[in-house]
Each structure stands twice: as structure tokens, then as C-alpha cells.
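First the structure, in the form of C-alpha cells, and then the observations on it.
The values are calculated or read from the model by the stated rules, or taken from the named source; none is laboratory data. Just so it is clear, the model here is predicted, and its values are computed rather than measured. When we count neighbours, we look across all protein chains shown, and the Cβ atoms used for this are built from the backbone with ideal geometry, even at glycine. Calculation scope for accessible area: heavy atoms of the full protein, side chains included, ligands and nucleic acids excluded. Shrake-Rupley method; radii C 1.70, N 1.55, O 1.52, S 1.80 Å.
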Amino acid sequence: MKKNDTEQIRAANRADVINALRVFGPLARVDIGQIIHLSPATITAITADLVNDGIVHEVKGPSPSAGRGRPRVLIDLNSHHASVLGIKLSINELRLMLGDLKGNIVAESVVVLKTQTHDQASLNAMLIEQAQRFMSQHPEHAKRLVSLGIAIQGFVDVHRGDVVWSPALNIKNVNLTEALQQAFGCPVELANDANCIAHAIHKLPNYSRCNNFVVIMIGYGVGGGLVVNGAPYSGHFGAAAEFGHTKYSHEGPQCACGRRGCIEAYVGDYALYRDASAVMDLPATDRRHPSERQMQKLTDMAQDGHAYASGLFNQAGRVLGYGIANILALMSPERVVVTGPGVRAYALMEAGIHEGIDEALVPELVGRSEIHAYPWSEDMTGKGIIALALKHFR
Ligand SMILES: [Zn+2]
């Protein structure tokens, strides 16, 4: 074996140890070895290096039973050893989040500003100014900043760092990483918001060993994130997985992307509110961007038995079901996880989802993959982009 190969294996093993500690919290050496399938001697050598580098430290675990016996020695990450900056750019909002080495969000700031009035230069200048202002408020983190990550809705090319199209911007094919990279002198990761969520879910203990799954994010729009063979999959051009813009009908309703009949054009918040407003007496709104309160009200009306509203959610479920059937036929994933703000109405869509799958999918494939909702929290995108940015810490 060449020297380079040995070094690469050592670096990969070290990254696996750090990742196991990030996912499961403090662990005994023997447990780390079992989780990542390495020998006790290898784990001892890696953890000794990590202790020397100040990346981990030993902590006392609980006593084995009722105070008898010696407490186990656990290994824990030093959360203050490194920081990353996560940025979430959405329509007229910039969310800045500081992440520690454990991947926790330790500070956060939300700036309301116009995002759709920029050209490439002014957008980059705005991002740098806001990021620098935020970091200057956290000088201790600024000193140990290792990388940045940006999450945005829409089509992104993660390899180039380009936003191909986003509802948050009125310009296309804009690079978001190079200017920030120069300003901060560290790597910058760009990701679609749904891919961030897939990454965040993969870092949860119950999902960390699930190596082939699909995340469908429903909310303002509909996005998809893939984890394939244990790693996020963004495709050859870095733009996978635009599940929301796969088609349900060639002559369906208008989608935000400009085409007709996309899954999002039935399931996205703006689509549901638009279709409901055409028939129901709903509070006046910017129909292109209904608020959470307005969407909750529409959901409540459907739950209270409003036939038209509940019919819309059932239809959204069927459309999702057809889309999920395509994913199941194509990918055969272990799980399909539905999350995002739109899971507020999952109970109203669930029967439709299964009807859609049963209608669309060859019967032999029905029931193999687990399909379920995951409760939504605003932090998931942030945790995902922080986890993605942390891959640059070695
Ligand atoms: Zn579309």
C-alpha cells in the first residue's frame, strides 16, 4: 500500500470518528469502534491524536449500575474547537447562523431585506457585508472560522457554486461562493435547501445508518434531497433532486418555475392558497407567498370539514403519491421522509398519498419503502448547511 493510500485511510477514519461523535454525542471508545467498524487499537490511536489536537476530550460517563464499578470514560467533541457560518437566503430574508464543531446552532440573526432587486455584484456585496457584520458580533467564532455554507431555494449547481434559478432572486446563473471565499479566505459550500434538510436528517441518530433515502420538502415550494449509498447525491450537474418540478400533468396549473403541471403547482403553499382563493372567501394576501398563519388557517378549515379545502389537500396528497411512486420505481429507497412547513397538513394528505402510490406503482413494489412525515423545525435547513460546511473541518 502506498503512503498516500495509508494517509487517506487514516484521514477517512478520523473523519468517521468525528462524525460518529457528532451524530451520537459522547461515546466510549468501544462503542465508536462498533459504530464505524474499526478495531479497538485503531480507535485508540485516532482518539489519542484527536485529544492531542484539542478536538476531543475525555468525560466521565454514568456508572455501570447503581453506583457500583468505575464510571466509563467517554470521548466528546470540543464544541469550541471550530466554528462555521451558515447562511440561509430565502425570499426577502437572510438568516445567519453560527455552528460549533458539534454542528449545533449557537447564535443566529435574521435580517429582513429585499432579495429580488440585486444584480450579481450587489448580491455578493450584500452577502459579504451581512456576513462580516454578523461575524464581528462574534469575534471568538471569527477567529476559529473554518468554512461557510449557503442554503437557497431553487436550482443550484453545487460544483460551481452557482444558483441557476431561485424564487428568492430575479437574476439567473449567479455565483454565490467565489466572492465570499475571497472575503473570508475559507471554503464556501452552496446547497439547495432541501438537500440541506436531507443532510440534517442523515445526521440524526435514527437515520444515520439509513444509507438510501429520499427527503421531500413541502412548503412554499416542493423540493427533494437524496442520500445515496450514505452520501448526499447532487447529480452530475449538481442540481439534483428537483422533485417538485417533475411533472404530474402536461396541462396542469401554472408552476413558479414557468412550466405547467409540476408537482409543486398542486402541493406548494402558493398553489394551494391560489386554488383555494379562487373558490373560497379567504383573507386577502399576496397569493404568491401566503404566510404561515394563512396556510394554518386554510389547514384548519380543511380539518374542520370544509369540503373544498379538504379536497384540495387530498388532491395534493394524490399528486405527491404519484411523484413518490416514480421515486420508488426509480430508486427503491429504504425510506421516503416528508418534511417542511407543509407537513402541518400531512394528516389531510396522507390518505391521498397512499391512494396515489397504489394507483401509480406496480403492486409488487408497493409497501417496501417506509413513507412517513418528519416534524418540521426552522432549524433543519440551518443544521444541514452547518453540517455540510463542517465537512471542511479535518
Ligand atoms: Zn415547476
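Points to keep in mind about this one:
- Between SER39 and LYS114, the contour length at 0.36 nm per residue exceeds the Cα-Cα span by 21.6 nm.
- Local charge for ALA351 was computed over the other residues whose Cβ lies under 15 Å away, with Lys and Arg +1 and Asp and Glu -1, and equals -3.
- For ALA240, residues with placed amide H under 5 Å, excluding near neighbours: GLY235
- With 0.36 nm allotted per residue and the present C-alpha distance subtracted, the ALA307-GLU93 stretch has 73.6 nm of extension available.
- Rolling a 1.4 Å probe over the protein heavy atoms of the chain, with every protein chain left in place, gives an accessible area that is 50 percent carbon and sulfur.
- Ranking VAL51, HIS250, GLY356 by Cα position along the charge dipole of the chain, where only Lys, Arg, Asp and Glu carry charges on their C-beta atoms, puts VAL51 farthest toward the positive end.
- Length-normalised contact order for the stretch 256-360 - Cα pairs under 8 Å, 6+ apart - percent: 30 percent
- In order along the stretch 189-206, the Karplus-derived 3J(HN,Hα) couplings, from 6.51 cos²θ - 1.76 cosθ + 1.60 at θ = phi - 60°, round to 9, 10, 8, 5, 4, 5, 5, 4, 5, 4, 5, 4, 5, 5, 8, 7, x, 6 Hz, and Gly and Pro are given as x.
- GLY61 long-range amide H proximity, modeled H, under 5 Å: ARG72, VAL73, LEU74
- Shape of the stretch 1-93, Cα gyration tensor, a/c cut at 1.5: oblate
- At 0.692 mPa s and 37 °C, Stokes diffusion of the chain via Kirkwood alpha-carbon radius, µm² per second: 145 µm²/s
- Solvent-accessible surface of the chain, averaged per residue with a 1.4 angstrom probe and all protein chains in place: 47 square angstrom.
- Derived scalar couplings ³J(HN,Hα) [the stretch 35-47; Karplus, 6.51 cos²θ - 1.76 cosθ + 1.60; whole Hz; x for Gly, Pro]: 5, 9, 6, 10, 6, x, 5, 5, 4, 4, 5, 5, 5
- Each label was represented as a point 7 Å from its Cα along the Cα-to-Cβ direction; for CYS186 and ALA48 these points are 3.0 nm apart.
- Shown is the FRET efficiency for GLU251 and THR6, computed with R0 = 56 Å from the Cβ-Cβ distance and rounded to the nearest 0.05: 0.40.
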